[in-house]
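Worksheet: the structure to be examined is printed underneath.
The values are calculated or read from the model by the stated rules, or taken from the named source; none is laboratory data. As the structure is a prediction and not an experimental result, all values here were calculated from the model. A quick note on method: Cβ atoms are made from the backbone with ideal geometry, for glycine too, and the neighbour counts reach across all protein chains shown. Surface accessibility is based on the protein's heavy atoms, side chains included, excluding ligands, DNA and RNA. Shrake-Rupley method; radii C 1.70, N 1.55, O 1.52, S 1.80 Å.
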Amino acid sequence: TAIEKHEKCLEKYSSSKSNCQIQDLLNMEYSATDFAQELTRIELEHLCFLGPEELVHAFAKQSSGSSQSLPTDVVESEAQEARQRAARRTKNLQAYVDWFNRLSYLVATSVCQKKKKKSRVKMIEFWMEVARECVNIGNFNSLMGIITGLNMIPVARLKRTWLKIQSAGKFAVLEHQMDPSSNFLSYRSTLKAAISRSEGATDQRQRIVIPFFSLLVKDLFIVNEGTASRLSNGHINFTKARQLSEKLKEFAIWKDVECPYAKISTVAEFLQFSPIWSEKVLDMESYECESPELQEEKDRYKRIKH
């Protein structure tokens with residue numbers, strides 16, 4: 001029943017038209033900490049209804065290692081079909097991915113919407129501060145969403161704006177967190193520290209660990225697809241099963257943490273209902289903020305303007 005109510009809320013988010021205006025952000029009387037805490041509350045709300053079984057459903061495929069002579073083939077095939085049907089019925093996994101994308105586009109939109117360079121600088125610095133607070137909380141998914149938004153081409157190409165950023169060093173530190181080199185070594189080290197902090201913590205705020213979800217899913221996918229579910233003799237591969245079990249058990253602990261932060265309705269409405277621009281509109285507005293310099297940009301600007 002709770003999941004059904006949550007899915008109705010998700011439909012409301014996707015279909016609702018809000019009067020919330022993007023330009024209100026700099027005028028809001030809320031701090032970067034308030035935004036980071038509200039982002040964390042929204043993240044935990046999504047995670048709460050995302051069961052580990054849904055991640056298993058998402059990877060449900062017939063085992064290529066099974067022999068056609070095995071008597072379990074029919075049962076196995078029916079089980080796979082059942083899991084795939086279950087995955088289609090649930091919306092929470094896709095909704096969580098959509099939320100990440102929305103956050104990234106919201107960050108980019110709020111920057112490119114500002115016509116004055118001074119306002120764009122303030123906007124970028126504000127989101128950087130929100131991202132830093134997310135690290136302190138242990139909310140790595142929102143951190144990655146914000147950094148992704150700031151690294152989108154329409155924002156990243158605003159060279160004259162970035163030159164005015166006072167805390168460029170802080171952004172470099174944040175950006176290092178999502179460095180994919182060595183299989184996200186930097187992020188994994190920070191995540192490990194957050195996990196150590198959360199284990200045994202009595203303060204609910206210290207227990208929060210929200211992983212970079214896309215990487216978590218990728219890790220699960222690699223374990224699931226990189227190893228056969230059955231051994232050559234037809235027996236279940238328990239080593240693979242244990243690996244998946246450990247990762248899912250860890251995820252289940254993280255997602256069931258009770259959120260210690262009260263909802264800030266105004267901030268929640270801004271984050272969930274503010275209009276966001278498409279990639280083409282972002283490009284157009286970015287060129288309006290700072291005229292294109294490269295020939296490729298000039299050609300694209302002409303095409304979009306036309």
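Selection of the range 209-245 for residues being under 23 Å from ALA194 (Cα atoms) and either of a type outside the set (A, V, I, L, M, F, W, C) or free of Cβ contacts under 8 Å to residues at least 12 places away in the same chain (or both) yields PRO211, SER214, LYS218, ASP219, GLN243, SER245.
Of all residues in the range 180-191, those being free of Cβ contacts under 8 Å to residues at least 24 places away in the same chain and closer than 28 Å to ALA95 by Cβ number 3.
Matching residues to (1) modelled with pLDDT of 90 or more; (2) closer than 19 Å to GLU43 by Cα; (3) open to solvent by 30 Å² or more (accessible area, probe 1.4 Å):
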| site | (1), (2), (3) |
| --- | --- |
| SER186 | yes, no, no |
| LEU191 | yes, yes, no |
| ARG207 | yes, yes, yes |
| PHE221 | no, no, yes |
| ALA228 | no, no, yes |
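For SER286, are the conditions met, namely being part of a helix (DSSP H, G or I) and either crowded, with 17+ Cβ neighbours inside 10 Å or of a type in the set (Phe, Trp, Tyr) (or both)? Yes, satisfied.
Kindly establish whether ARG102 is charged (D, E, K, R), touching a residue at least 40 places away in the same chain (Cβ under 8 Å) and in a helix (DSSP H, G or I). Steps first, answer last, please.
Values: charged (D, E, K, R): yes; touching a residue at least 40 places away in the same chain (Cβ under 8 Å): yes; in a helix (DSSP H, G or I): yes.
Spelling it out, ARG102 is indeed charged (D, E, K, R), touching a residue at least 40 places away in the same chain (Cβ under 8 Å) and in a helix (DSSP H, G or I).
Specify the residue that is farthest from PRO52 (Cα to Cα); the eligible residues are those in the range 244-264 that are open to solvent by 90 Å² or more (accessible area, probe 1.4 Å) and either of a type in the set (S, T, N, Q) or assigned to a loop (DSSP other than H, G, I, E, B) (or both).
So in the range 244-264, the residues open to solvent by 90 Å² or more (accessible area, probe 1.4 Å) come out as 246, 249, 253, 256, 258, 263.
Of the ones still in play, those that are also either of a type in the set (S, T, N, Q) or assigned to a loop (DSSP other than H, G, I, E, B) (or both) are 256, 258, 263.
Details: ASP256: 11, GLU258: 17, LYS263: 26 Å.
Only one residue tops the list, namely LYS263.
Quick grid of which residues meet (1) part of a helix (DSSP H, G or I); (2) among the hydroxyl-bearing types (Ser, Thr, Tyr); (3) within 19 Å of the chain's Cα centre (by Cα):
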site: GLN166; (1), (2), (3): no, no, no
site: ASN183; (1), (2), (3): yes, no, yes
site: THR190; (1), (2), (3): yes, yes, yes
site: ILE195; (1), (2), (3): yes, no, yes
site: ALA201; (1), (2), (3): no, no, no
site: LEU215; (1), (2), (3): yes, no, yes
site: LEU220; (1), (2), (3): yes, no, yes
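Scanning the range 138-171 for residues that are touching a strand residue (DSSP E or B) at 6+ places or on another chain (Cβ under 9 Å) and either open to solvent by 10 Å² or more (accessible area, probe 1.4 Å) or of a type outside the set (A, V, I, L, M, F, W, C) (or both) yields a count of 4.
With respect to SER182, determine if the residue is among the polar types (S, T, N, Q) and on the phi > 0 side of the Ramachandran plot. Here the answer is yes, as SER182 does meet what is asked.
Have a look at GLN94, GLN68, GLN62, GLN84 and point out the one that is more than 30 Å from LYS115 (Cβ to Cβ), modelled with pLDDT of 75 or more and open to solvent by 30 Å² or more (accessible area, probe 1.4 Å). I'd like the intermediate steps shown before the answer.
Values: GLN68 fails: modelled with pLDDT of 75 or more; GLN62 fails: modelled with pLDDT of 75 or more; GLN84 fails: modelled with pLDDT of 75 or more.
Just a single option satisfies the conditions, and that option is GLN94.
With the structure loaded, tell me whether PHE270 is modelled with pLDDT of 90 or more, of a type in the set (Phe, Trp, Tyr) and exposed (fewer than 13 other Cβ atoms within 10 Å of the Cβ) or whether it fails that test. Can you show your working first?
Details: modelled with pLDDT of 90 or more: yes; of a type in the set (Phe, Trp, Tyr): yes; exposed (fewer than 13 other Cβ atoms within 10 Å of the Cβ): no.
Answer is no for this residue.
For THR239, the conditions (1) over 19 Å from PRO52 (Cα atoms); (2) open to solvent by 30 Å² or more (accessible area, probe 1.4 Å); (3) modelled with pLDDT of 90 or more all hold with the exception of (1).
Taking (1) over 19 Å from PRO211 (Cβ atoms); (2) in contact with a helix residue (DSSP H, G or I) (Cβ under 7 Å, 6 or more places away or on another chain); (3) modelled with pLDDT under 70 in turn, LYS117 satisfies each apart from (3).
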